[in-house]
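Below is one structure, written out as C-alpha cells; the observations come after it.
The values are calculated or read from the model by the stated rules, or taken from the named source; none is laboratory data. As the structure is a prediction and not an experimental result, all values here were calculated from the model. Cβ atoms come from the backbone with ideal geometry, glycine included; neighbour counts cover every protein chain shown. Please note that ligands, DNA and RNA were not included when accessible areas were found on the heavy atoms of the full protein model with its side chains. Shrake-Rupley method; radii C 1.70, N 1.55, O 1.52, S 1.80 Å.
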Amino acid sequence: MLDTLRPLIDKHARLPVKADTLAAGQDLYAAGLTSFAAVQLMLALEEAFDIEFPERMLNRRSFATMESIAACIQELRPQALAS
Amino acid sequence: MSSLVARAQLVAAVAAQYSDHVDKEGRFPSEAVRAMKEARLLSAYIPREFGGEGADLAEIAEVVSVISQACASAGMTYAMHQIKVSSVISHGDKAEWHQEFMRRISSEQLLVASATTEGGIGGNLRNSICAVERLGDRFSLVKDGTVISYGRDADAILITARSAPDAPASDQVMAVLTKDQYKLELTGVWDAMGMRGTCSDNFKFSAEGDVAQILPNDFGEIAAKSMLAICHILWSAVWYGIASSAVSRAQSFVRAEARRNPGQTPPGALRVAEAANMLQLMRSNTIAGLSRFATAKVNDDDLGSVGFIVAMNNIKIGASRMVVDIINHALLITGINGYRNNTPYSVGRHMRDALSAQIMISNDRIFGNVANLLLMHRLDPSLAA
C-alpha cells in the first residue's frame, strides 16, 4: 500500500530524499519534513483519497511516518489503500 | 526562603535602579542578574529532585513579568534562560549528564543562553548548516554567525546543529555546552533600537564536548513540544510587564494632574481607562496561553496537535501587537513628559523595547505558518480551556 503513498510524498512532502529510499517506519520529520510541507501533504492526501482528516488526526504523530499516514487513511477509508 | 514573587520583587527593585543605564549604554543588566542568582531564581523551574523549586510555568511567567516591569532586558534575559532550562527539564530528565547539569544550575545558579540561529539559514530555526562531528564518545561543533543573547555573560549555551555532517538541514540535535568547553569569537555587536541590555551579539561558536551532552530527543521534537510554546508564553509575559509599567506611569501622570485640579477629570483619564481595557485583554491572552499549555503538556497528542500550535502562535501575535498599542496610549496620555527620557513618566524605553516583539520571530512569518495550518485545522469555537 505504501506504493500508493510514495509518489504523493515525493510530490508534496518536499523531502531532500526520494520516498522509495525511506522505510515505512522511518521518521519523516527527521528526513526533512517541515510543518508547512506536512500540511501540503495532508491536503494532497485528502484530495487523492477523497477523505477529510478529522481534528484528532491533525497532530505530529499522525504524519510522523509513512506507516502512520497509511494507518490514518486506512481508518478513514478502509478500501483506499487496498490495491 | 520567601515566595518566588517576593524574591522577584527584590530583583525588580535592583533592576529598576539600573534599567536606564543598561538601556543607554547597551550593556548587560549584570546587577539584576546577580540579584536573580542571589535570590536563587535561576533554578526556580527545575524539579526539586534536581535541586530546584519545581515551579510551574505560570509562576515563572509571573517572575518574568515582575522583573520586566522594571527592566525589560533583565526580564527577557530571565525568560530566555528559563526557555533553555525548560528544554533540559522536558527532554533531559532521563539522561544522567543532563540531570547532573540541572543540579549544577541549581547549586551554582548557572545562567543558560541559546544559540539556535545561524548565518545563512534565513531566520528559520528548524534548519542548521553546521553539524555535530562525532569521534568516539566526543564531538566537536563550529557554528558561524550565530546570535547569542548575553553570550559573553552566560555560564552555558544550548546550541542546535545537524545531527551529522551528512544529515539534512532539518535533522537537528540540541547540545548543552559549558563555558569551559566553548570559545566565542565576536563577529557582530548588538547596537539596537531596544532590548539593548540583552547584548544579542553575533559570534562564531566553537566547542568540543561529550556525546552525552547532546539531548536525547531530536530538536524538531524539542521545538514542537516545549520550546515554541514556552517561548511564546514567556515572551508574552515580558511584553505584558512592559505594557503594565507604561500604563502605570500614565496612570500616575493623570492622578498627579487630578490632584492639581480637584473637581475636574483630566483629559487623559479616559485614555487610561482605554489602556486598562487593552491591558486586561493582554493579560487574559497570556493567562489563556498558560492554561492551554497546562492542559496540553500532560497529553502528548494534544501537545503535537495543529490546534495547539495555532493557539500558541496566536498568543504571541496577540501580545506583540497589543503591547505597542498600549504603550502608544501611555504616550498620548503623558505627552511631552512621556516622550522625554528623563521624567518619571518616560515611556520611550518601553516603546523601543516593545517594538522588538513583532520581529522576534517575525509576525509575518508566524502568520504565514498559521495561514498554512488553517488550510487543515478547524478553529475550536468553545470557550472551555
Among the residues listed as B:Ala58, B:Ala8, B:Ala16, the single one being touching a Leu at 6+ places or on another chain (Cβ under 8 Å), touching a residue at least 24 places away in the same chain (Cβ under 8 Å), open to solvent by 40 Å² or more (accessible area, probe 1.4 Å) and not in a loop (DSSP other than H, G, I, E, B): B:Ala58
Residues being touching a Cys at 6+ places or on another chain (Cβ under 8 Å) and either modelled with pLDDT under 95 or of a type in the set (A, V, I, L, M, F, W, C) (or both) - total across region B:178-229: 1
In region B:242-272, the residues that are over 29 Å from B:Ala15 (Cβ atoms) and at pLDDT 95 or above: B:Ala269, B:Leu270
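Quick grid of which residues meet (1) modelled with pLDDT under 95; (2) within 14 Å of chain A (Cβ to nearest Cβ); (3) over 20 Å from the mean Cα position of the chain (by Cα):
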position: B:Ser90; (1), (2), (3): yes, no, no
position: B:His98; (1), (2), (3): no, no, yes
position: B:Ile105; (1), (2), (3): no, no, no
position: B:Ala115; (1), (2), (3): no, no, no
position: B:Arg126; (1), (2), (3): yes, yes, no
position: B:Ala154; (1), (2), (3): no, no, no
position: B:Leu158; (1), (2), (3): no, no, no
position: B:Ala167; (1), (2), (3): yes, yes, yes
Yes/no for B:Leu281 being on the phi < 0 side of the Ramachandran plot and either within 14 Å of chain A (Cβ to nearest Cβ) or of a type in the set (S, T, N, Q) (or both): no
Leading residue by the ranking (nearest to the other protein chains (Cβ to nearest Cβ)) among those in region A:27-40 that are in a helix (DSSP H, G or I) and open to solvent by 30 Å² or more (accessible area, probe 1.4 Å): A:Phe36
Members of region B:124-175 found to be open to solvent by 10 Å² or more (accessible area, probe 1.4 Å), under 25 Å from A:Thr34 (Cβ atoms) and basic (Lys, Arg), listed by number: B:Arg126, B:Arg162
Residue ID - nearest to the other protein chains (Cβ to nearest Cβ), chosen from residues in region B:331-364 that are exposed (fewer than 12 other Cβ atoms within 10 Å of the Cβ) and assigned to a helix (DSSP H, G or I): B:Asp364
B:Ser305 being out of contact with any Lys or Arg (no Cβ under 8 Å at 6 or more places or on another chain), farther than 30 Å from B:Ala246 by Cα and within 14 Å of chain A (Cβ to nearest Cβ): no
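To keep it simple, each residue is scored yes or no on (1) part of a helix (DSSP H, G or I); (2) touching a residue at least 40 places away in the same chain (Cβ under 8 Å); (3) crowded, with 16+ Cβ neighbours inside 10 Å.
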{"residue": "A:Asp10", "(1), (2), (3)": "yes, no, no"}
{"residue": "A:Pro16", "(1), (2), (3)": "no, no, no"}
{"residue": "A:Asp20", "(1), (2), (3)": "yes, no, no"}
{"residue": "A:Gly25", "(1), (2), (3)": "no, yes, no"}
{"residue": "A:Met42", "(1), (2), (3)": "yes, no, yes"}
{"residue": "A:Glu47", "(1), (2), (3)": "yes, no, no"}
{"residue": "A:Ala70", "(1), (2), (3)": "yes, yes, yes"}
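I'd like the full set of residues that are aromatic (Phe, Trp, Tyr) and surrounded by fewer than 24 Cβ atoms within 10 Å (Cβ to Cβ), limited to region B:75-113.
B:Trp97, B:Phe101
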Positions within region B:176-192 being open to solvent by 40 Å² or more (accessible area, probe 1.4 Å) and in contact with a Ser or Thr (Cβ under 8 Å, 6 or more places away or on another chain), in sequence order: B:Lys183, B:Glu185, B:Trp190
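Answer with yes or no whether B:Glu274 is assigned by TED's automatic domain parsing to the domain that holds B:Ile315, out of contact with any Ser or Thr (no Cβ under 6 Å at 6 or more places or on another chain) and in contact (Cβ under 8 Å) with a residue 12 or more places away in the chain.
Numbers: assigned by TED's automatic domain parsing to the domain that holds B:Ile315: yes; out of contact with any Ser or Thr (no Cβ under 6 Å at 6 or more places or on another chain): yes; in contact (Cβ under 8 Å) with a residue 12 or more places away in the chain: yes.
Spelling it out, B:Glu274 is indeed assigned by TED's automatic domain parsing to the domain that holds B:Ile315, out of contact with any Ser or Thr (no Cβ under 6 Å at 6 or more places or on another chain) and in contact (Cβ under 8 Å) with a residue 12 or more places away in the chain.
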Residue satisfying all of: in region B:209-244; open to solvent by less than 10 Å² (accessible area, probe 1.4 Å) and out of contact with any helix residue (DSSP H, G or I) (no Cβ under 7 Å at 6 or more places or on another chain); nearest to the other protein chains (Cβ to nearest Cβ) among these: B:Gly220
Failed item, numbered, when A:Glu67 is tested on (1) within 11 Å of the chain's Cα centre (by Cα); (2) within 10 Å of another protein chain (Cβ to nearest Cβ): (2)
In region A:49-64, residue surrounded by the fewest Cβ atoms within 10 Å (Cβ to Cβ) [restricted to those that are among the aliphatic types (A, V, I, L, M) and within 11 Å of another protein chain (Cβ to nearest Cβ)]: A:Ala64
Exclusive hit being within 14 Å of another protein chain (Cβ to nearest Cβ) and either surrounded by fewer than 21 Cβ atoms within 10 Å (Cβ to Cβ) or touching a strand residue (DSSP E or B) at 6+ places or on another chain (Cβ under 8 Å) (or both), set B:Ala384, B:Ala288, B:Ala371, B:Ala294: B:Ala371
Close pairs (8 angstrom Cβ cut-off, 6 or more residues apart or separate chains): at negative phi and assigned to a loop (DSSP other than H, G, I, E, B) in region B:115-135, open to solvent by 50 Å² or more (accessible area, probe 1.4 Å) and among the hydroxyl-bearing types (Ser, Thr, Tyr) anywhere: B:Arg126/A:Thr34
Test: B:Ala35 is hydrophobic (A, V, I, L, M, F, W, C) and either under 20 Å from B:Tyr240 (Cα atoms) or assigned to a loop (DSSP other than H, G, I, E, B) (or both): no
Test: residue in region B:63-76 that is of a type outside the set (Lys, Arg) and in a loop (DSSP other than H, G, I, E, B): yes
Flag for B:Trp239 being within 26 Å of A:Asn59 (Cα to Cα) and modelled with pLDDT of 95 or more: no
